[in-house]
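Before any comments, here is the structure.
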Amino acid sequence: APSAGNRQPWRFVVVHDPALKRQIGEWYDEGSRIAYPDRQRGAAPRPAAEERREPTFSDVPVIILVCIDAVSTNPGPRSDFVRGASIYPAMQNLMLAATALGLGTRPTTMHRHHEADMKALLNMPESVDIAAIVPLGYPGEGEHFGGKRRKPLSEVAFNDRWGQPVA
């Protein structure tokens, strides 16, 4: 994957251990409740596809912590924008390779409220940040990749000027 200055700051922690996945999953769930408090109050009905029980981190074979090593990045100010440009292409490549092998993935950042706890649990150095978590496993029966919730091209791509449909 490309990275600023070809520094390749990505690091990946592949977690198999059920107890570790369970603890990380609890922190993820708490982060999700903080980020989406209305889901717990039942303010809006959930779409039919989401009424089924969501898998937990304990259910998937592995979770991958996509990390960026600050020591390996540009020695200038720690800009999240610049750092993201160096880590997210690597994450996308990982996810595309997994899909090619028939595996399902989903990036998430709901861990942010407990990042320090996760780093301590996994003995990670202070200079490393967890950019995202990617659960990795086989899709459930009847599930398929992509397509079902993609926005139409006319909403995401424009010709010459904002709002001009792509021909």
Rounded to the nearest whole Å², what accessible area per residue is found for segment 84-125 with the 1.4 Å probe? 54
At R0 = 41 Å the Cβ-Cβ FRET efficiency linking E126 and D59, nearest 0.05, sits at 0.85
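The values are calculated or read from the model by the stated rules, or taken from the named source; none is laboratory data. None of these values were measured; they are calculated from a predicted model. Cβ coordinates were reconstructed from backbone atoms using ideal geometry, including for glycine residues, and neighbour counts include every protein chain displayed. Areas reflect the complete protein model, heavy atoms only, side chains present, ligands, DNA and RNA absent. Shrake-Rupley method; radii C 1.70, N 1.55, O 1.52, S 1.80 Å.
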